[in-house]
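Here the structure comes first, spelled out in structure tokens, and everything after it is commentary.
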Amino acid sequence: MCCFPDIAELTDEEIARVNAAEDELGVLLVAYKAMPAYSSLSADELEELQSLESRLGVRLVAYD
């Protein structure tokens, strides 16, 4: 099992670029270090995951 990825360590210049992108897009951006690969789920597994999301009222992301 993997854990949640770490927040990226950015320079002041990189932070300024992210802030500018946030202002331009009107969204909140979060920079993470390299993410693990997403899992390739079968149709049945995806259906099960979506059902669980509905029951819990959350969004789930499957990683390898």
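Take V30 and tell me if it is touching a residue at least 12 places away in the same chain (Cβ under 8 Å) and assigned to a helix (DSSP H, G or I). Criteria not met by V30. Examine region 9-23 for a residue that is on the phi > 0 side of the Ramachandran plot and at pLDDT 95 or above, and state whether such a residue exists. No - not one qualifying residue is present in region 9-23.
The values are calculated or read from the model by the stated rules, or taken from the named source; none is laboratory data. Because the structure is a prediction, the values reported are computed rather than measured. Don't worry about glycine lacking a Cβ; one is built from the backbone with ideal geometry, like all the others, and counts go over all protein chains shown.
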